[in-house]
Ligand code: BJ8
């Protein structure tokens, strides 16, 4: 980090000693996993910088925004429309956490067999390690899986700033009506919080910003169809993770710059792995920063991850918001429609996800699918059954992995993934 931020962290209420330890471990992991990669695109320099300043410069920017009266809204799910937050000049930050931090503390509140993502967001707060959580003015939860739903009640007791949106379980007429109303209520909540009116003009502006971010991520996804892929799965995952907390305008510009370079690489036929290396699609639970475990094992075994059928991935940017609205009410209709195209396993039925897995396998020329579920993530663990069926129908190898944030099963994962890649190699070579 370029500067000493101790004073800022202490004012925010961060546990300085534990925080130093966390940054040390993170920095070491980043060096080993990311900086050791060969032939990385130059455009990744920006994202390396962002990570090196994850609790530094970005936090400083947010502190400065707050001084000008801007409100910080923390979210945990891609169903929460960022457009509304930007329409009240707010800062929208994804708060999901991907590291095994504070689990002992978290387990005083939630059962041991709770998914690692939930334990981590509680753990980061309880251990005083997340400056983003400390800076939020409002934390938005949503009724997706049962674990999150109940954890938000506890999180509200701890933080006193949780607002929960009710997401339906089915996408029928009633469900759509309910969700549309919830989006409207959320807009009203933001107006009260910020004392700002959400106008048509502001919504037009914010929709453009968020769509530009999605378009940049779509571009990044598209180049990964090439063989060899011009970017590693690890780097592409990182860009997707950064999209949840970077300034959206700067993020889109930097991702587009990276894509210019990647498109040139594709034309030249240069990439990160040898042409013909195994190509893997990952499908399932989201991988919040700094969860790089599965990608590291797969790519460490010589394959390339070519896509993430995940919320930190395609589910977050697959559909653009239809910007063709001429009133605030119409914009709210469109926001409700767009968000309901997200194919989370919390919905029943969820056949769109199966179609989307097949579409991604075909478009990205994936030769194998690894279904990733966080341990105790019932929706994705259950849906693996159907995902396997549609992937089997394409005669593409399928591997089901359930893991958490600990490093204890790295050896076992390496063995299973190595054997899976041999199956792909045998098929491709055949
Ligand atoms: S739209 S995937 S971001 S809910 S991993 S907490 S599901 S037990 S994160 Fe998600 Fe929204 Fe769906 Fe996406 Fe529960 Fe599973 Fe844990 Fe999860």
Leading residue by the ranking (nearest to the chain's Cα centre (by Cα)) among those in segment 401-414 that are surrounded by fewer than 17 Cβ atoms within 10 Å (Cβ to Cβ) and in a helix (DSSP H, G or I): 410
Residue in segment 326-335 that is within 16 Å of the ligand (Cβ to nearest atom) and surrounded by fewer than 20 Cβ atoms within 10 Å (Cβ to Cβ) present: no
Filter result (surrounded by fewer than 19 Cβ atoms within 10 Å (Cβ to Cβ) and closer than 17 Å to residue 359 by Cα) within segment 201-226: 218, 219, 222, 225
Which numbered condition residue 124 misses (of (1) assigned to a helix (DSSP H, G or I); (2) more than 27 Å from residue 338 (Cβ to Cβ); (3) within 12 Å of the ligand (Cβ to nearest atom); (4) under 20 Å from the mean Cα position of the chain (by Cα)): (3)
Total residues in segment 38-73, condition more than 16 Å from the ligand (Cβ to nearest atom) and closer than 24 Å to residue 334 by Cβ: 1
Checking residue 10 against (1) touching a helix residue (DSSP H, G or I) at 6+ places or on another chain (Cβ under 7 Å); (2) in contact (Cβ under 8 Å) with a residue 12 or more places away in the chain, the condition it does not meet: (2)
Members of segment 323-345 found to be part of a loop (DSSP other than H, G, I, E, B) and more than 22 Å from the chain's Cα centre (by Cα), listed by number: 323, 324, 325, 326, 327
Extreme residue, nearest to the ligand (Cβ to nearest atom), among residues of segment 297-317 that are closer than 18 Å to residue 226 by Cβ and assigned to a strand (DSSP E or B): 308
One residue from 394, 410, 381 being in contact with a strand residue (DSSP E or B) (Cβ under 6 Å, 6 or more places away or on another chain) and modelled with pLDDT of 95 or more: 381
Residues of segment 346-365 classified as assigned to a loop (DSSP other than H, G, I, E, B), touching a helix residue (DSSP H, G or I) at 6+ places or on another chain (Cβ under 7 Å) and either under 11 Å from residue 281 (Cα atoms) or free of Cβ contacts under 8 Å to residues at least 40 places away in the same chain (or both), total: 1
Every residue from segment 385-400 that is within 16 Å of the ligand (Cβ to nearest atom) and either surrounded by 20 or more Cβ atoms within 10 Å (Cβ to Cβ) or more than 29 Å from residue 144 (Cα to Cα) (or both): 387
Helices (runs of 4 or more DSSP H) fully within segment 1-54 counting 3 or more residues that are buried (at least 19 other Cβ atoms within 10 Å of the Cβ): 44-52
Long-range neighbours under 7 Å by Cβ, at least six apart or interchain, first residue over 18 Å from residue 80 (Cα atoms) and at pLDDT 95 or above within segment 143-162, second away from the ligand (no atom under 14 Å from the Cβ) and not in a helix (DSSP H, G or I): 154/109; 159/139
Filter result for the condition that a residue is closer than 24 Å to residue 423 by Cα and within 10 Å of the ligand (Cβ to nearest atom), over 345, 373: 373
Hits in segment 368-380 - residues which are surrounded by fewer than 22 Cβ atoms within 10 Å (Cβ to Cβ) and either in a loop (DSSP other than H, G, I, E, B) or free of Cβ contacts under 8 Å to residues at least 24 places away in the same chain (or both): 375, 376
The listed residue being touching a residue at least 24 places away in the same chain (Cβ under 8 Å), assigned to a loop (DSSP other than H, G, I, E, B) and either touching a helix residue (DSSP H, G or I) at 6+ places or on another chain (Cβ under 6 Å) or within 16 Å of the ligand (Cβ to nearest atom) (or both), out of 262, 294, 320, 281: 320
When residues of segment 74-111 are limited to those that are part of a loop (DSSP other than H, G, I, E, B), more than 16 Å from the ligand (Cβ to nearest atom) and within 18 Å of residue 251 (Cα to Cα), the one nearest to the chain's Cα centre (by Cα): 90
Residue satisfying condition, being surrounded by 14 or more Cβ atoms within 10 Å (Cβ to Cβ) and within 16 Å of the ligand (Cβ to nearest atom), within set 417, 423, 357: 357
Check on residue 229, more than 18 Å from the chain's Cα centre (by Cα), surrounded by 18 or more Cβ atoms within 10 Å (Cβ to Cβ) and either over 13 Å from residue 328 (Cβ atoms) or modelled with pLDDT under 95 (or both): yes
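The values are calculated or read from the model by the stated rules, or taken from the named source; none is laboratory data. The structure displayed is predicted, hence computed values, not measured ones. Cβ coordinates were reconstructed from backbone atoms using ideal geometry, including for glycine residues, and neighbour counts include every protein chain displayed.
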